[in-house]
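Below you'll find the structure, written out as structure tokens, and then a few comments.
Any read-out appearing in this document is the output of simple, stated calculations on the displayed coordinates, not a laboratory observation. All of these numbers come straight from a predicted model, not from anything done at the bench. Every residue, glycine as well, gets a Cβ built from its backbone with ideal geometry; the counts of neighbours run over all protein chains shown.
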Amino acid sequence: MMGLVDRVDIVIIGAGVVGLAIAELLARTRRGSEIVVLERHDGFGRETSSRNSEVIHAGLYYREDLLKTRLCIQGNPMLYELCSKEGIPHRKTGKIILATDEAEQEQLHGIFRQAQTNGAAGVCMISREEVQTLEPYVFGLCGLYSPESGIVDSHQLMKYFEQTAQSLGATVAYGTEVIALEKSVDGYVVEVSDADGEPLQLESGVLINSAGLWADRVAGMAGIDLDGEGYRIYPCKGEYFSVSSRHQGKLERLVYPTPSPIHLGAHAVLSLDDRLKIGPNAVYVDEISYDVDEARLESFFTKAKRFLPFLELDDLAPDMAGIRPKLYRQGEPFRDFIIREEGDRGLSGLINLVGIESPGLTSCMAIAQAVDKLL
Ligand SMILES: Cc1cc2nc3c(=O)[nH]c(=O)nc-3n(C[C@H](O)[C@H](O)[C@H](O)COP(=O)(O)OP(=O)(O)OC[C@H]3O[C@@H](n4cnc5c(N)ncnc54)[C@H](O)[C@@H]3O)c2cc1C
């Protein structure tokens, strides 16, 4: 039996960090609007938002005109300010990108020029000696130092957004999977399968698709031609290996290698409790599975050993994995975030957020502002 439950003002699909940041902002800026977040899992952040490096990026790498850069540069100070004000655990650790040979040195100078163009605060090149002074256990012929990079507890961040949105009147409905969408006269009929598998319908004037890895499917449900419009997601896995606790406390800052064309390179990931991980790599996959392939241990070790000479092979153990919602395959041109109101496609009131890979966590508050403006 299918019943039309209600008509609301705004439906947000997905309770990852992006959907929740949007819910929290809209609940504040649109008091009196009925806002519902639909999330198929039984809690928030069960996918990419809890499977990442938790790094607050500083907008160093990408071209200045991209959303990935602009929203990161805007989102970085917003996130620090919120975390300080609300007591969300975080630390401005700073970060060093290291060059270990001549080609990497040249690449690093290119990143430095880009970071300056982007307006990334406080970024500077440092010499081999300065690298040694800051981080005595790492190796680099030179480094790029970013003082505004840091780490955040993404779970506590999402909890803050979820609870604040709820306290401002928004509803977060867990165990509700969106299975179909239909344009109505002045909005969308959203078909949902609830926690008991019962189908029900909800009508909403505005529909915000922040469904992460599944955002292309949701856009497809609304009738968007995924391949024609370049909305198809190609999942790209990032695996992590934990580092033995005997190295705890050796690094104070995030330490990165020079990046590859599809990701920033497996780096030293610091957690707020000083545990160390190496990752992520980048491997395109056909299915969503969070297994870590142990066979990759040696290749992780070899790459990390170049800039973390203290590592031994038996220091590493498989840890966790996350999956990037990439909009391009290996060898294809780099793509920016899609954040788009689809009125010109006859779908007014639908906002799609597709391809929100890194730095989506850093940018979440700036993304929410961009969505608010689109409305
Ligand atoms: C390996 C890795 C490392 C990263 N490191 C960083 C980093 O250090 N710093 C940084 O800034 N960013 C990083 N990122 C990127 C960051 O994690 C993402 O940009 C961010 O988490 C995306 O959040 P989201 O809310 O868009 O997606 P998600 O967290 O994937 O949330 C989407 C939600 O939508 C729900 N959903 C999907 N379909 C439906 C449906 N039909 N009905 C109901 N619900 C649905 C899902 O269940 C999910 O909960 C990293 C990503 C990866 C993979």
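With the alpha-carbon atoms as the only input, what is the per residue convex hull volume for the range 6-56 in Å³?
For the range 6-56, the hull spanned by Cα atoms encloses 76 Å³ per residue.
Post the alpha-carbon centroid distance, the range 119-191 to the range 292-318, in whole angstrom.
If you average the Cα positions of each part, the centres end up 26 Å apart.
Using just the Cα positions, wrap the range 106-147 in a convex hull and report its mean projected area in square nanometres, one decimal place.
2.8 nm²
Express the Stokes-Einstein translational diffusion coefficient of the range 247-303 in µm² s⁻¹, to the nearest whole number, given a Kirkwood radius over alpha-carbon pairs, 4 °C and a viscosity of 1.567 mPa s.
Rounded, D is 100 µm²/s.
Alpha carbons only, please: Rg and Dmax for the range 193-345, in angstrom.
Gyration radius and largest Cα-Cα distance of the range 193-345: 19.6, 58 Å.
Sort all Cα-Cα distances of the range 155-214 into consecutive 10 angstrom bins from zero, then give the percent of pairs in each bin up to the one containing the longest distance.
Per 10 Å bin, starting at zero, the Cα-Cα P(r) for the range 155-214 comes out as 19, 42, 35, 4 percent.
Size of the dipole of the range 278-356 about the Cα centre, Lys and Arg at +1 and Asp and Glu at -1 on the beta carbon, nothing else charged, in debye to 20?
Once rounded to the nearest 20, the dipole reads 420 debye.
As a test of the definition: which semi-axes, in Å, follow for the range 96-221 when you take the square root of five times each eigenvalue of its alpha carbon gyration tensor? Largest first, please.
Equivalent ellipsoid semi-axes, largest first: 48, 18, 14 Å.
Mind ranking 229-240, 159-170, 326-337 by how tightly packed they are, going by the mean number of other C-beta atoms within 10 angstrom, highest first?
Peptide ranking by packing, descending: 229-240, 159-170, 326-337.
To the nearest 20 debye, what charge dipole does the chain have about its Cα centre, counting +1 at the Cβ of each Lys and Arg and -1 at the Cβ of each Asp and Glu?
Using only the charged Cβ atoms, the result is roughly 1000 debye.
Kirkwood Rh over Cα pairs of the chain into Stokes-Einstein at 37 °C, 0.692 mPa s: D in µm²/s?
153 µm²/s
State, in angstrom, two size descriptors of the range 1-155 derived from its alpha carbons: Rg to one decimal place and Dmax to the nearest whole number.
Rg then Dmax for the range 1-155, in Å: 20.1, 71.
When Rg is the radius of gyration of the Cα atoms in the range 83-156 and Rh is its Kirkwood radius, what does Rg/Rh come to?
With Rg and the Kirkwood Rh in hand, the quotient comes to 1.06.
Of the cross-linked pairs Lys95/Lys277; Lys85/Lys277; Lys92/Lys159, which ones have a Cα-Cα span greater than 24 Å in the structure shown?
The answer is Lys85/Lys277.
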